[in-house]
């Protein structure tokens with residue numbers, strides 16, 4: 001149902017579709033809070049709700065998706081509050097997009113548990129130091145730009161990665177000199 005002209009809120013009855021593995025409502029005009037009904041979706045692997053007008057916090061029931069969810073896209077909305085600690089429980093998560101929202105505070109230390117993360121985009125929020133040292137083997141894309149980080153230098157865990165294809169830190173570094 002992505003890429004349509006849907007407006008209003010997500011109908012609560014969608015929670016009855018318990019066997020979903022993909023839930024895609026991206027690129028619509030949906031608004032209001034994201035419903036707190038995700039514990040119904042025990043098979044969900046991909047959740048795409050980006051490019052809407054959702055507001056409020058990430059609902060706690062999304063934590064129930066931790067065993068299988070590999071792709072979580074909530075970017076380009078009006079979500080606020082802190083990034084929830086429970087995202088550190090998503091051992092299968094390889095893609096996390098939370099860009100262009102109003103998230104504030106620090107990035108939870110528990111995100112170090114996301115050892116399989118391959119794409120991480122936290123750009124265009126109001127996040128502050130400290131940023132956790134991730135324990136990843138390689139990352140395709142890391143975007144921390146347009147936040148309130150004062151990294152002073154590119155973090156050592158980033159420069160020691162054997163694989164990184166895209167690194168975006170615009171307006172996140174306050175470097176006097178940088179060496180790699």
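The values are calculated or read from the model by the stated rules, or taken from the named source; none is laboratory data. Note that the coordinates shown come from a computational prediction; the quantities given were computed from them, not determined experimentally. Cβ placement follows ideal geometry from the backbone for every residue including glycine, while neighbour counts extend to all protein chains displayed.
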*Please work out which one of (1) crowded, with 18+ Cβ neighbours inside 10 Å; (2) modelled with pLDDT under 95; (3) touching a helix residue (DSSP H, G or I) at 6+ places or on another chain (Cβ under 6 Å) is the condition residue 40 fails and give its number.*
(1)
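Conditions (1) within 22 Å of residue 78 (Cα to Cα); (2) touching a helix residue (DSSP H, G or I) at 6+ places or on another chain (Cβ under 7 Å), marked per residue:
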residue: 101; (1), (2): yes, no
residue: 113; (1), (2): no, yes
residue: 120; (1), (2): yes, no
residue: 127; (1), (2): yes, no
residue: 132; (1), (2): no, yes
residue: 137; (1), (2): no, no
residue: 144; (1), (2): yes, no
residue: 163; (1), (2): no, no
*Residues of region 62-84 being within 21 Å of residue 139 (Cα to Cα), surrounded by fewer than 20 Cβ atoms within 10 Å (Cβ to Cβ) and touching a helix residue (DSSP H, G or I) at 6+ places or on another chain (Cβ under 8 Å), which ones?*
66
